[in-house]
Amino acid sequence: MMTRMLVSTLLLFACQPSSAQQPAPTPPFEQLYRMPVVYSVPGMDKVEVRSEITYKSADVNGAKTALKLDAYLPAGSAKAPAVVFISGGGAEGAPRDFRDAGVYQSYGRLLAASGFVAISYSKRYARGPAGTNNGAEDTRDLIAYLREHAVELRLDKERIAVWAFSAGGLMLAPFLHEAPAYVRAIACFYCVSDVTQESWAGVAGVTPEQVQQAATVYSSAYQIHNSDHAMPPIFVARAGLDNASLNRGIDRLVQEALTKNLLIELWNHPTGRHGFDVLDDNARSREIIARAVQFLRTNLNSQP
């Protein structure tokens, strides 16, 4: 039961593809957990890894728990832009920490070898309104910690990007709402970008009013539609064989961004599954990952 729950957390909405083509079966969790991204660059074995750094303490399942980050630093001593990975998983009820998953360890090395300080972190993120609020609070505190400790982590606190995956996409909306000047780019890979009745199906006690209220906070399309300020450039990678409801949320995000004439890139993977960057080892997956890294390089190295 726990394994099934963890797989659904890592690959949220991976069933019910939006096209008639049926995706290949998802590997068993233990195999999936270890799988790296399907793209690599030279120098990934030479980066510096600082792990188990506590950025805050919080109550998790009734116990005070240290929430931690791992930092992947480029070789050398110069400070570099930072990229924060936002996973779809949380600390509650899981025997594993997604910082240790192959996808985030390999992305950390890939980004560090590409000239960034890459950050993965644990957070509270149980399904439902309270868990989502906790996830957003922990993400804000993580960013604050990084900016306060920028010198020791060799990162440029004025050049940060946030890159969300799967259910981590709900954590992007506050950055669109607040649009801090130091967040220079946003990336979204097969992101859950809307709160709907389907989002928290099965979670006890969730009311339609709570869902509606959460949608005004955690829907990226809503934040873009109601914004009256400049927003950072956005990169979106869409999996063609993903859940239809999830992709409709992505499509709304893209349409709102185009309506507001924002700088946005959309890359569709027609045969890609939810988690294509680890599951689908093909040229299109590698092309999208490579372009996302170049997008970050362009926007994090540009002048505001």
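The values are calculated or read from the model by the stated rules, or taken from the named source; none is laboratory data. Please read all numbers here as calculations on a predicted model, not as lab measurements. FYI the Cβ positions are ideal-geometry reconstructions off the backbone, even for glycines, and counts take in every protein chain you see.
Would you point out the residue of the stretch 261-289, among those that are among the acidic types (Asp, Glu) and in a loop (DSSP other than H, G, I, E, B), that is nearest to Asp242 (Cα to Cα)? Give the steps one after another, and end with the answer.
To start, the set of residues in the stretch 261-289 that are among the acidic types (Asp, Glu) comprises 265, 277, 280-281, 287.
Next, from what is left, pick out any that are in a loop (DSSP other than H, G, I, E, B): 280-281.
Details: Asp280: 13, Asp281: 16 Å.
Once the filter is applied, the top-ranked residue is Asp280.
Does the stretch 194-216 include one or more residues that are surrounded by 14 or more Cβ atoms within 10 Å (Cβ to Cβ) and within 26 Å of Val37 (Cα to Cα)? Within the stretch 194-216, one or more residues are surrounded by 14 or more Cβ atoms within 10 Å (Cβ to Cβ) and within 26 Å of Val37 (Cα to Cα). For the stretch 62-72, the set of residues classified as small (Gly, Ala, Ser) and either assigned to a strand (DSSP E or B) or modelled with pLDDT of 95 or more (or both) consists of Ala63, Ala66, Ala71, listed by residue number. Just so you know, in the stretch 73-111 the residues that are outside any loop (DSSP other than H, G, I, E, B) and within 27 Å of Asp59 (Cβ to Cβ) include one that is nearest to the chain's Cα centre (by Cα), and it is Ile86.
Would you be able to tell me the number of residues in the stretch 219-238 that are buried (at least 21 other Cβ atoms within 10 Å of the Cβ), in contact with a helix residue (DSSP H, G or I) (Cβ under 7 Å, 6 or more places away or on another chain) and not in a helix (DSSP H, G or I)? Outline the logic, then answer.
The first filter runs over the stretch 219-238 and keeps only residues buried (at least 21 other Cβ atoms within 10 Å of the Cβ), leaving 219-224, 232, 234-238.
With the extra rule that they be in contact with a helix residue (DSSP H, G or I) (Cβ under 7 Å, 6 or more places away or on another chain), the set shrinks to 219-224, 234-238.
So of that shortlist, the ones also not in a helix (DSSP H, G or I) come out as 219, 234-238.
Residues in the stretch 219-238 being buried (at least 21 other Cβ atoms within 10 Å of the Cβ), in contact with a helix residue (DSSP H, G or I) (Cβ under 7 Å, 6 or more places away or on another chain) and not in a helix (DSSP H, G or I): 6 in total.
Scanning the stretch 191-218 for residues that are part of a loop (DSSP other than H, G, I, E, B) and either out of contact with any strand residue (DSSP E or B) (no Cβ under 6 Å at 6 or more places or on another chain) or not hydrophobic (A, V, I, L, M, F, W, C) (or both) yields a total of 16.
Residue-level check: of (1) modelled with pLDDT of 85 or more; (2) closer than 19 Å to Ala91 by Cβ; (3) not in a strand (DSSP E or B), Glu52 misses just (3).
All conditions but one from (1) at pLDDT below 95; (2) in contact with a Phe, Trp or Tyr (Cβ under 7 Å, 6 or more places away or on another chain) apply to Asp97; the one that does not is (2).
Of all residues being modelled with pLDDT under 95 and of a type in the set (S, T, N, Q) in the stretch 283-304, which is farthest from the chain's Cα centre (by Cα)? Just the residue, please. Break it down stepwise before answering.
Taking the stretch 283-304 as the starting set, the residues that turn out to be modelled with pLDDT under 95 are 301-304.
Subset that is of a type in the set (S, T, N, Q): 301-303.
Numbers: Asn301: 21, Ser302: 22, Gln303: 24 Å.
Top of the filtered list is Gln303.
Of all residues in the stretch 252-282, how many are free of Cβ contacts under 8 Å to residues at least 24 places away in the same chain and either under 19 Å from the mean Cα position of the chain (by Cα) or closer than 22 Å to Tyr33 by Cα (or both)? Number satisfying all stated conditions: 1.
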